[in-house]
Amino acid sequence: MAWFRVFACGEDFPVVLDGQVEIVGFYTTRYVEAENASQAEELVSELLFEDPDLETPAGYDDLQPRIMIEEVEQVAAPVDIDDNFSFFPMEEEDED
């Protein structure tokens, strides 16, 4: 097994920020041990969808949050970084 650094982007996640539910996107980096890059992507997606910080608040089950893997790189070992999220607001789609 090898270590992989996986940079991921999430979109349309309802999260509680400062006591309010907001629909946000995020960027995050995770390190996982996997057989190959494809398995690393799958593991990170699973970890993120199960992350308690991204748990869907009641009443927001109709949204379809998604995770896109932006970069996967095999590394010698994981780097000691925080595994927090960098949130950004999702833009409202214009309705014509």
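Here, each number is a calculation from the coordinates, and none is a lab measurement. Computed from a predicted model, the values in this text were never measured in an experiment. For neighbour counting, all protein chains shown are included, and Cβ atoms are generated from backbone atoms with ideal geometry for every residue, glycine included.
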*In sequence order, what are the phi-derived ³J(HN,Hα) couplings for region 79-91 according to the Karplus relation 6.51 cos²θ - 1.76 cosθ + 1.60 with θ = phi - 60°, rounded to whole Hz, with x for glycine and proline?*
9, 7, 10, 6, 10, 7, 10, 9, 7, 9, x, 7, 6
*Quick one: angle between helix 37-49 and the longest Cα principal axis of the chain, in degrees between 0 and 90, rounded to 10, please.*
40
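Using a 10 Å cut-off on Cβ atoms, rank the peptides 28-38, 65-75 from the highest mean neighbour count down. Don't jump to the answer; show the numbers that get you there.
On the way: 28-38: 16.2, 65-75: 14.2.
So the order, starting with the most tightly packed, is 28-38, 65-75.
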_From the helices alone, meaning DSSP H stretches of at least four residues, give me the mean residue ellipticity at 222 nm for the chain, per-run term -39500 (n - 2.57), in deg cm²/dmol to the nearest 500._
-4500 deg cm²/dmol
*Residue order, fewest to most surrounding Cβ atoms within 10 angstrom, among Met90, Met1*: Met1, Met90
*Separation between the Glu70 and Glu22 pseudo-spin-labels, each 7 Å from Cα along Cα→Cβ, expressed in nm?*
1.8
_³J(HN,Hα), Karplus 6.51/-1.76/1.60, whole Hz, each residue of region 63-70, x for Gly, Pro_ = 6, 10, x, 9, 10, 10, 8, 8
*Of the options Met90, Val24, Ala77, report the single residue whose Cα projects farthest towards the positive end of the charge dipole of the chain (beta-carbon charges: Lys, Arg +1; Asp, Glu -1).*
Ala77
*Magnitude of the charge dipole, the chain, Cβ model with Lys/Arg +1 and Asp/Glu -1, debye to 20*: 560
*So what is the relative contact order of the chain, in percent, for Cα pairs below 8 Å that sit 6 or more residues apart?*
44
*Compute the distance in nm between two label points, each set 7 Å from the Cα along the Cα-to-Cβ direction, one at Phe7 and one at Asp53.*
1.8
